[in-house]
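First the structure, in the form of structure tokens, and then the observations on it.
Rule-based calculations on the coordinates, nothing more; no lab input. Here the structure is a predicted model, which means the values were calculated and not measured. We place every Cβ from the backbone using ideal geometry, glycine too, and count neighbours over all the protein chains shown.
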Amino acid sequence: MNTLQLISIFLESVIVMISLMIGLKKKKIYGHGFALTFAIYVFYDTTRLFSIETSETFLYIMFFVATVSALFSVWELYRKS
């Protein structure tokens, strides 16, 4: 199961890089939003995989930020299309 989790973390990292390129090179704000969302996912999954001591409250807040960021990004995509 750790192999699948490592692959997931790798793919999430790729999404962060592509999203940053969208944000920085294409000047699209939703790229930054998706980058933030998936960077939080990478952080969360990494802390879980490697049993890194992290406050549950902090993780809940981070997940909320990721959700709001994804919502904002999807809304921006909807508005622009």
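Over the chain, how many percent of alpha carbon pairs lie in each 5 Å bin up to the one with the longest distance?
With 5 Å bins starting at 0, P(r) equals 3, 16, 21, 22, 17, 11, 6, 2, 0.
Please list, by residue number, every one of the GluC sites (Glu not before Pro) in segment 17-80 that is coil in DSSP and has at most 16 other beta-carbon atoms within 10 Å.
Sites meeting the loop and neighbour criteria: Glu53.
Ranked highest first by the average count of other Cβ atoms within 10 Å around their residues, in what order do 39-48, 18-27 fall?
39-48, 18-27
How long is the gain from Leu59 to Ser13 if the chain were fully straight, where each residue apart is worth 0.36 nm and the alpha carbon distance is subtracted?
14.7 nm
For segment 36-50 and segment 13-33, write down the distance between their C-alpha centroids in whole Å.
Here the two parts' Cα centres lie 17 Å apart.
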